[in-house]
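The values are calculated or read from the model by the stated rules, or taken from the named source; none is laboratory data. This is a predicted model, so every value here is computed, not measured. Cβ placement follows ideal geometry from the backbone for every residue including glycine, while neighbour counts extend to all protein chains displayed.
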Amino acid sequence: MDWGLKNRLSRMIKPATGRSVMLACDHGYFMGPTHRLENPRKTIEPLLPYADTVAVTRGVLRTSVDPKWDTPILLRVSGGTSVLHEDLSDEGIITSMREAVRLNVCAVALSIFVGTAHERQTLLNLAKLVNEGEDYGMPVMAITAVGKELEKRDARYLSLACRIAAEIGVQVVKTYYCEDFSKVVEGCPVPIVVAGGPKLNSETDVFQLAYNAVREGAVGVDMGRNIWQNDNPVAMIKAIRAVVHENASVREATQVFNENKTSTRTVEDAIHA
Ligand code: R5P
């Protein structure tokens, strides 16, 4: 592997543990001002010191992340759809590799929609990006997107999508955690990180997801809503860091969360309010 590509990858997946806590803040590219990400700077800034990398679009990077921060950036470069459309798979590449280099990011990320009407288009987008990434020493992360079809997230489908991404030549794959997740990891010869998905019912559910994922072979998480939609986002990311980098148990992560929370309003309180 080329030195530049390897160096960028090491900024994202920390060599000390071989793991990564990526903070996903790229939802606006098709969801608009997502709940609690309405003002990206306000959401992102307090979390930056605890993220191994932060995933954003170039628009949010330029407007809402101060260049003085040295947290590595994972640049979302696919898009072209909105949540108003039934089919979210019709994506193209929205940011050039040249721009990614100019922005000094550590990797670029693109969604693939395997099994959809735009499967071929999104896979060829990925291949183009990997070819350019090789030229510039830029790692590429594929995201095995399912659009609105959340029920697709089983081991059989995710194994297929992750393996295809790896065969095209990406350096990292982001997918969902699922039952039999170790089979997904086994069939994918590049590192996998898991998304958090829509907000879960409790903090312990989130810690359990992260714990299971790393135990079954993920190198970490690329998590958004379950961190910044919580009333205590800093406590959440610190607890997730404990799971990912220190192999903390769910109980230990809960302890980290409780020690760091500033608001006493829990997810359960909010649900029962
Ligand atoms: C979708 O907008 C992106 O791929 C997100 O980065 C991904 O879904 C991870 O965020 P969350 O943990 O909120 O699902």
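Please specify each residue of the stretch 199-224 satisfying the condition of being of a type in the set (Val, Ile, Thr) and within 14 Å of the ligand (Cβ to nearest atom). Those that are of a type in the set (Val, Ile, Thr) and within 14 Å of the ligand (Cβ to nearest atom): VAL206, VAL221. Within the stretch 225-240, being more than 15 Å from the ligand (Cβ to nearest atom), of a type outside the set (A, V, I, L, M) and within 13 Å of VAL21 (Cβ to Cβ) holds for one residue alone: LYS238. Across the stretch 123-158, the number of residues qualifying as more than 21 Å from GLU86 (Cα to Cα), touching a residue at least 40 places away in the same chain (Cβ under 8 Å) and not in a helix (DSSP H, G or I) comes to 4. Between ALA145, ALA161, the distinction of being within 16 Å of the ligand (Cβ to nearest atom), over 19 Å from VAL219 (Cβ atoms) and buried (at least 18 other Cβ atoms within 10 Å of the Cβ) belongs to ALA145 only. The single condition among (1) part of a helix (DSSP H, G or I); (2) modelled with pLDDT of 95 or more that ASP269 does not meet is (2). Here VAL101, VAL108, VAL130 are screened, and the one residue that is surrounded by 14 or more Cβ atoms within 10 Å (Cβ to Cβ) and within 16 Å of the ligand (Cβ to nearest atom) is VAL108. Considering (1) within 13 Å of the ligand (Cβ to nearest atom); (2) buried (at least 19 other Cβ atoms within 10 Å of the Cβ), the lone condition that ARG153 does not fulfil carries the number (2).
The number of residues in the stretch 91-122 that are over 19 Å from the mean Cα position of the chain (by Cα) and assigned to a helix (DSSP H, G or I) comes to 8.
From the list PRO198, PRO233, the lone residue that is surrounded by fewer than 17 Cβ atoms within 10 Å (Cβ to Cβ), out of contact with any Pro (no Cβ under 6 Å at 6 or more places or on another chain) and closer than 25 Å to GLY28 by Cβ is PRO198. Quick check: is even one residue across the stretch 9-30 more than 22 Å from VAL140 (Cα to Cα), touching a helix residue (DSSP H, G or I) at 6+ places or on another chain (Cβ under 8 Å), surrounded by fewer than 19 Cβ atoms within 10 Å (Cβ to Cβ) and not aliphatic (A, V, I, L, M)? So far as the stretch 9-30 goes, no, none of its residues is more than 22 Å from VAL140 (Cα to Cα), touching a helix residue (DSSP H, G or I) at 6+ places or on another chain (Cβ under 8 Å), surrounded by fewer than 19 Cβ atoms within 10 Å (Cβ to Cβ) and not aliphatic (A, V, I, L, M).
Only one of these conditions is not met by LEU48: (1) in contact with a helix residue (DSSP H, G or I) (Cβ under 6 Å, 6 or more places away or on another chain); (2) more than 11 Å from the ligand (Cβ to nearest atom). Which number is it? So LEU48 meets the others, but not (1).
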